[in-house]
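Here's the structure, in structure tokens; my notes come after.
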Amino acid sequence: MRVVLGIETSCDETAAAVVDATFAVRSSVVESSLDQHRPFGGVVPELAGRAHVATIGPVVARALDEAGLDPRAPAIDAVAVTSGPGLIGSLLVGLSAAKAYALAWGVPFVGVNHLEGHLFAPLLEAPALEWPLMTLLVSGGHSMIVWQRSPTDHQVLGETIDDAAGEAYDKVARWLGLGYPGGPEMDRLAREGNAQALRLPVSMVGDSLDVSFSGLKTAVVRATEKNHEIALADVAASFQSAVCEQLLRKLTQAVTTHEVRAVALAGGVAANSALRAGVEGLAREYGLACYLPSRAMCTDNAAMIAAAGLARIEVSGPSSFDLSAEPNWLLSEV
């Protein structure tokens with residue numbers, strides 16, 4: 001049975017995991033440098049890169065140990081690593097480490113697209129997942145609707161034309177003085193607020209499956225400039241309602257125009273309570289299976305990279321050791 005070590009360092013999380021050919025997660029370790037970035041209101045690339053250098057060795061050793069493998073000579077069949085998209089300095093740390101481990105252990109390595117990794121998160125917790133399915137992939141840097149005919153056969157049907165959903169959450173949260181990251185706090189506040197308090201514009205009402213959140217973000221800023229007395233919870237609820245309405249409307253368009261048996265969520269924003277409830281409701285309405293990864297699998301982790309690496313090795317074979325980091329690698333190019 002193939003056993004793969006996955007390494008993920010695309011942004012501010014240093015992660016390593018061991019996954020086998022049945023997609024069983026034997027270990028998953030994530031070390032975040034979030035506290036270093038919080039005072040700056042966002043990820044500082046230089047700080048993220050330094051944190052990866054300091055933690056990559058201990059994180060990999062811990063992942064191997066928790067999987068019951070000898071860190072000096074583990075029974076690993078391959079090493080999978082995120083090679084893009086992401087911060088170039090962060091990617092290079094993980095890529096260099098993966099090549100070193102693979103060479104030291106005499107095993108192949110494979111570069112994985114970070115976004116394709118997210119598509120494998122639901123599969124890790126639902127190995128009997130039904131195909132084809134429609135996945136709403138939403139994170140701090142990406143928002144897209146992906147039609148998956150098999151684990152490695154996917155088509156991007158729509159994506160953001162400006163800000164990603166998670167990016168919009170962080171920008172609005174910063175405007176409201178909620179700190180970074182803004183998504184979790186906005187989600188918490190929204191549960192206490194009135195989603196009808198602000199009249200916000202409805203974006204992207206045409207047939208395109210693309211989404212847009214830049215105008216919505218600006219509308220929140222303008223509305224709160226005119227009304228300083230409005231409760232933060234009401235702002236959060238109104239904004240979150242508008243974000244979810246647009247995403248769910250586009251997802252509905254996608255599932256009604258393509259052959260699907262299931263819907264899934266992936267990416268950091270997939271942890272949002274309102275979005276999860278909305279996707280579950282959509283699945284019930286159309287009689288589809290619904291796959292929502294646990295919140296631990298929504299955020300960046302190496303188990304999803306190991307799973308994607310397992311599939312990629314079977315389809316495309318291992319990567320060459322001269323593989324470079326690709327900070328702008330599109331999912332459509334995989």
Checklist entry - Taking strands (runs of 3 or more DSSP E) that do not extend beyond region 1-109, which have at least 2 residues that are of a type in the set (Gly, Ala, Ser)? => result 13-20, 25-32, 78-84
Checklist outcome for this item: Checked against (1) at pLDDT 95 or above; (2) β-branched (Val, Ile, Thr); (3) surrounded by 19 or more Cβ atoms within 10 Å (Cβ to Cβ), residue 269 satisfies every condition except (1)
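Within region 25-41, track down each residue that is out of contact with any helix residue (DSSP H, G or I) (no Cβ under 7 Å at 6 or more places or on another chain), surrounded by fewer than 16 Cβ atoms within 10 Å (Cβ to Cβ) and not charged (D, E, K, R). I'd like the intermediate steps shown before the answer.
Taking region 25-41 and keeping what is out of contact with any helix residue (DSSP H, G or I) (no Cβ under 7 Å at 6 or more places or on another chain), we get 26, 30, 32, 34-35, 38-40.
Now restrict to residues that are surrounded by fewer than 16 Cβ atoms within 10 Å (Cβ to Cβ): 34-35, 38-40.
34, 39, 40 - these are the residues of region 25-41 that are out of contact with any helix residue (DSSP H, G or I) (no Cβ under 7 Å at 6 or more places or on another chain), surrounded by fewer than 16 Cβ atoms within 10 Å (Cβ to Cβ) and not charged (D, E, K, R).
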Item to check | region 1-27 residues that are at pLDDT below 95, paired with ones that are basic (Lys, Arg) (beta carbon under 9 Å, 6 or more apart) | outcome: 21/2
Item to check | Matching residues, region 171-182, being modelled with pLDDT of 90 or more and surrounded by 23 or more Cβ atoms within 10 Å (Cβ to Cβ) | outcome: 172, 173
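Regarding residue 276, is this residue under 22 Å from residue 118 (Cα atoms), charged (D, E, K, R) and assigned by TED's automatic domain parsing to the domain that holds residue 136?
Details: under 22 Å from residue 118 (Cα atoms): yes; charged (D, E, K, R): yes; assigned by TED's automatic domain parsing to the domain that holds residue 136: yes.
It is true that residue 276 is under 22 Å from residue 118 (Cα atoms), charged (D, E, K, R) and assigned by TED's automatic domain parsing to the domain that holds residue 136.
From 193, 166, 158, 206, which residue is buried (at least 17 other Cβ atoms within 10 Å of the Cβ), in the same structural domain as residue 275 (by TED's automatic domain parsing), part of a loop (DSSP other than H, G, I, E, B) and out of contact with any Phe, Trp or Tyr (no Cβ under 8 Å at 6 or more places or on another chain)?
Numbers: 166 fails: part of a loop (DSSP other than H, G, I, E, B); 158 fails: part of a loop (DSSP other than H, G, I, E, B); 206 fails: buried (at least 17 other Cβ atoms within 10 Å of the Cβ).
On inspection, the qualifying residue turns out to be 193.
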Next on the checklist: Cβ-Cβ under 8 Å, sequence separation 6+ or interchain: first residue in region 140-162 and at pLDDT 95 or above, partner basic (Lys, Arg). Which pairs?
Outcome noted: 145/250; 155/149; 158/250
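The values are calculated or read from the model by the stated rules, or taken from the named source; none is laboratory data. Since the structure is predicted, the reported quantities are computational estimates derived from the model, not experimental observations. Positions of Cβ are generated from backbone atoms using ideal geometry, with glycine treated the same way; all protein chains shown enter the neighbour counts.
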